[in-house]
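The values are calculated or read from the model by the stated rules, or taken from the named source; none is laboratory data. This is a predicted model, so every value here is computed, not measured. Ideal geometry is used to build each Cβ from the backbone, glycine not excepted, and the neighbour counts take in all protein chains shown. What goes into the accessible areas is simple: the full protein's heavy atoms, side chains included, and nothing from ligands, DNA or RNA. Shrake-Rupley method; radii C 1.70, N 1.55, O 1.52, S 1.80 Å.
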Amino acid sequence: MANYRLKLGTDFDLSPKQIEIVERNKDTLVRALPGSGKTTILTLKIKNLLLDNPQLNKLCCISYTNVNVEDLESSCSLILDSEQIKKIDFLTFHSFCLQYILTPFSYLYRSSKGLRPYKKIFNFGEHGSDLIDYLSDKGVETAEIQKIIDTEKIYYNFKFINNSWKITSNTHKASTVSKYLNFLNSERLIDFNLISLLSLFIVQQNPVVRRVLNKSIDWMFIDEFQDVSEIQCKIIEALSKSRMKNNSETKWFMVGDPNQSIYGFAGANPRSMYDMRNFFKMLHDGEECEIKLDKSHRCSDEVFEFAKKNYNSVLRKVKNSQLVQQLPGEDIVGYLEDMEIADDLQGNGGDGKVIIKTTISAVSEIVNLKFNELLDQEVCCIGINRFNSIDVYKQYMLHDNTDEGDGFSLYAELYKDYEERYGFKYFSLFVRYLILKHHFYNNRLKYQKSLEKFIYSLGLLLSDKLNVEMQPQVLSSITVDAIEITSPLAPTSTVFDEFIGFTGRLVTSLNSNLEFTDGEEAIFSTISEADRITNINGVTEPTLANFIAYITRSTPEKLTFEIKHIHKIKGLEYEQVIVQRIEDLPHKSNYGVHFAIFGTRSFQANAGQIYDYVQELNKLYVMLTRPRKNLYIIKNQYKQSHFLAAQ
């Protein structure tokens, strides 16, 4: 047996399950659990493959978001050399579709329905006002339009129903989404949902495309596989079942945890791991392709056992309910049985405890707990939504012994609003700008590296928006103008004030250095005071100095108190975790299913509503499995939580 500690350079011995995963040279689906080392085993698998097969030419490594992709690339960079890294493309699934399918093969697509694989992507900042005018002219209700204005998004998905793709939306009427799609087509635009759908059509309709992809990519790695969409699953099926020689064409490695699937509202397919396990098993003539990791290296036995028993108890009640048992068609009971967490899965043997506190005021209890019992410890308080987080933040900041760093760490999550409004790459470039300018005036040893990262991010932003590669001299010229290195940062100003100045210089430089085609000059717009986000419940924006201290802190420096909500904690862990407002689960859109199961209300559900409901239970499981040590659950003594069964 190979000495993998020596071969892969780890400081730990691989478990038998991990060795099986690393050595398997076929399609593999890894079923993980919280803290089991999903990313670690994926990166070690890649390293082992490249060491054993130096002739491999192209690997694609895919994850759910840009942030996940950056984290994955950073993890691989720590254990692979530069030549090995060059063989890997790190992408989101949408980026993969654009780079490998839509861009090279869009000319092959034909449709009688009017859809076209245009290259320009819808952006509300650029196209929003035209969309609102269009929808108004088409008679869309004012309430529908206001929801779009408030969120600056159109929330919808495609579901495969009766052998065709149908529009579904929990937020908008189907007629509104149809008019939105007509607007995109009239303006020669596509959005992220259409990127996947059109890529699927191209792959399904063209054997040559499938052949080219299967011959050009040696391995496809997908992290966070529980978050892929139904369309993306169909792309995987179309490519994998068309392989002629399994040993010489694309192999698939997928890792995820179905019990942590919580993004159904954003298009994730909750059945992805269940269905793809069965698909690959059929493809391999009945051979099981799933390998289950069996230990959480994060949670203590008591914490993990509590989370597991709680989850299974509620899930079994759902499975055995009359509501589910009478559902026709889909194998919903088989899916729910597969979602049960196996009894033999275990924690890390640590001494972490589960402490349940009952109170009248959850916010006061949380703040008192932090200051009286957990003052010098790393703590994360997790709520169901961002407004729970803001309530705790405001109470916490009333205490005189909070420091500036902690104060900002709580507020930092609210800056996600800026990322969502202006785009991840745009705000990420601004953050790179702040870091390089800080290093220029305070740490010249790090300045050159910071400058390189800024130019790299600038190139990504321009290639993403303009679909062209920028020449190095052009990027350098724009960088000089945008960073204005001779002007120091104003530490007492706010982040948004500096954002205004930065975007002004950047847009001016873009206009002077680039030749825009028709319409492209509107892609980049200067930010003004009118764009400041103010709907943050009266929380005071911290100074620029605090923000820079936060983003430039070294990795070992742990913030002592963070307040987050459920959709911001996937993949994170903390020494002590406080969970609040469990009684707010499930979301009110699931009340029909919930009270039919736990009450006496009559309700006729479909399979999709059951999947949505189970994802509400998954949210609680994710929250309960964040601590490395103790788990504190704050209960409201006057409100019942059916989801908290293991009490």
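Odds and ends about this structure:
- Subset of the range 294-306 [more than 18 Å from S641 (Cβ to Cβ) and open to solvent by 10 Å² or more (accessible area, probe 1.4 Å)]: D294, K295, H297, R298, D301, E302, E305
- Failed criterion for E404 (all others in (1) more than 15 Å from V67 (Cα to Cα); (2) modelled with pLDDT of 85 or more; (3) touching a helix residue (DSSP H, G or I) at 6+ places or on another chain (Cβ under 7 Å) hold): (2)
- Positions within the range 99-141 being within 15 Å of L197 (Cβ to Cβ), surrounded by 12 or more Cβ atoms within 10 Å (Cβ to Cβ) and charged (D, E, K, R), in sequence order: R116
- Any pair with Cβ under 7 angstrom, 6 or more apart, that starts in the range 572-595 at a residue that is in contact (Cβ under 8 Å) with a residue 40 or more places away in the chain and ends at one that is part of a helix (DSSP H, G or I) and basic (K, R): L585/K619
- Considering residues of the range 166-181 that are in contact (Cβ under 8 Å) with a residue 40 or more places away in the chain and open to solvent by 50 Å² or more (accessible area, probe 1.4 Å) only, the residue nearest to G128 (Cα to Cα): K179
- Any hit, the range 2-17, residues being part of a loop (DSSP other than H, G, I, E, B) and open to solvent by less than 10 Å² (accessible area, probe 1.4 Å): no
- Among the candidates N511, N467, residue that is at pLDDT 80 or above and closer than 28 Å to L189 by Cβ: N511
- Residue in the range 603-619 that is most open to solvent (accessible area, probe 1.4 Å), counting only those that are among the polar types (S, T, N, Q) and touching a helix residue (DSSP H, G or I) at 6+ places or on another chain (Cβ under 7 Å): Q609
- Any hit, the range 346-353, residues being assigned to a helix (DSSP H, G or I) and either touching a residue at least 12 places away in the same chain (Cβ under 8 Å) or under 20 Å from Q260 (Cα atoms) (or both): no
- Leading residue by the ranking (nearest to the chain's Cα centre (by Cα)) among those in the range 445-486 that are of a type in the set (S, T, Y) and open to solvent by less than 70 Å² (accessible area, probe 1.4 Å): S457
- The residue list E337, E288 contains one member that is closer than 24 Å to V255 by Cα, without any contact (Cβ under 8 Å) to a residue 24 or more places away in the chain and not in a helix (DSSP H, G or I), which is E288.
- Put simply, of Y118, Y100 the only residue that is touching a Leu at 6+ places or on another chain (Cβ under 9 Å) and modelled with pLDDT of 90 or more is Y100.
- E583 meets all of the listed conditions (1) touching a helix residue (DSSP H, G or I) at 6+ places or on another chain (Cβ under 8 Å); (2) over 24 Å from Y335 (Cβ atoms) but one, namely (1).
- Residue check for L42: assigned to a helix (DSSP H, G or I) and open to solvent by 40 Å² or more (accessible area, probe 1.4 Å): no
- The residues on offer are S361, S321, S300, and the sole one that is among the hydroxyl-bearing types (S, T, Y), at pLDDT 95 or above and closer than 22 Å to I582 by Cβ is S300.
- V622 touching a Lys or Arg at 6+ places or on another chain (Cβ under 9 Å), part of a helix (DSSP H, G or I), open to solvent by less than 10 Å² (accessible area, probe 1.4 Å) and not acidic (D, E): yes
- Residues of the range 577-619 satisfying the condition of being part of a strand (DSSP E or B) and of a type outside the set (V, I, T): Q580
- For the range 307-330, a tally of residues being in contact with a helix residue (DSSP H, G or I) (Cβ under 6 Å, 6 or more places away or on another chain), open to solvent by 10 Å² or more (accessible area, probe 1.4 Å) and small (G, A, S) returns 1.
- Hits in the range 539-580 (condition: among the aromatic types (F, W, Y) and either open to solvent by less than 40 Å² (accessible area, probe 1.4 Å) or at pLDDT 80 or above (or both)): F547, F561, Y574
- Residue match in the range 46-62 (condition: closer than 26 Å to T10 by Cβ, touching a Gly at 6+ places or on another chain (Cβ under 9 Å) and modelled with pLDDT of 90 or more): yes
- Residue check, S74 among the small types (G, A, S) and open to solvent by less than 50 Å² (accessible area, probe 1.4 Å): no
- Taking every residue in the range 601-612 that is in contact (Cβ under 8 Å) with a residue 12 or more places away in the chain and farther than 16 Å from K319 by Cβ and pairing it with any residue that is aliphatic (A, V, I, L, M) and buried (at least 18 other Cβ atoms within 10 Å of the Cβ), at least 6 positions away or on another chain, the pairs with Cβ-Cβ distances below 6 Å are F603/A596.
- Scanning the range 28-39 for residues that are surrounded by 23 or more Cβ atoms within 10 Å (Cβ to Cβ) and in a loop (DSSP other than H, G, I, E, B) yields A32, L33, P34, S36.
- Residues that are in contact with a Lys or Arg (Cβ under 8 Å, 6 or more places away or on another chain) and surrounded by fewer than 16 Cβ atoms within 10 Å (Cβ to Cβ) within the range 18-27 comprise N25, K26, listed in sequence order.
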